Amino acid sequence: MQNGPAPDDILAFIRSSCGKVPDVAGRADLFAALALDGDRAEAFMQAFAAEFGVDLTGYEPAYHSQTKGRAWRLGWPIPVPHQFGVRIPIALSHLVAAAQSGAWAMRYPNLTPRPSHDWLNAVLVLGGLPLVVAGLVFLIRLV
């Protein structure tokens, strides 16, 4: 017999906070199934912790979702690589275990954050934009 919330309790919380319940395959990677990233993922985890009394002291959001706003970085349409080069999915079983124990127990690898290469996007935009404009001017003059 288990102590604390059951998977159905966690799914009811997900339904109330996100408006939908992931299918069986989506329960292995909740953030992807629910399209949670950045601030939305952080708000979801804070609401989860408050609802089930979970201490998120050991929780490392950079391993699970992007923290930068996508539209405000220089290479916006191209997705930002994850900070550590990997993304660890959060499964329903992780949330159930945390709700039952009252603490986030996932152990994380000791990785070094990837260096940002956003400066390359500025170089490409500033160098490529004049070439695109010159090409358009050339095509307009041909016609």
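Quick notes on this one:
- Counting only residues that are in a helix (DSSP H, G or I) and surrounded by 15 or more Cβ atoms within 10 Å (Cβ to Cβ), region 29-55 holds 13 of them.
- Among the residues of this structure, ARG27 counts as one that is of a type in the set (Lys, Arg), under 14 Å from ILE90 (Cβ atoms) and touching a residue at least 60 places away in the same chain (Cβ under 8 Å).
- The listed residue being modelled with pLDDT of 60 or more, β-branched (Val, Ile, Thr), within 26 Å of ASP39 (Cβ to Cβ) and surrounded by fewer than 12 Cβ atoms within 10 Å (Cβ to Cβ), out of THR112, THR67: THR112
The values are calculated or read from the model by the stated rules, or taken from the named source; none is laboratory data. This one's a predicted model, so the numbers in the text were calculated from it and none came from an experiment. A quick note on method: Cβ atoms are made from the backbone with ideal geometry, for glycine too, and the neighbour counts reach across all protein chains shown.
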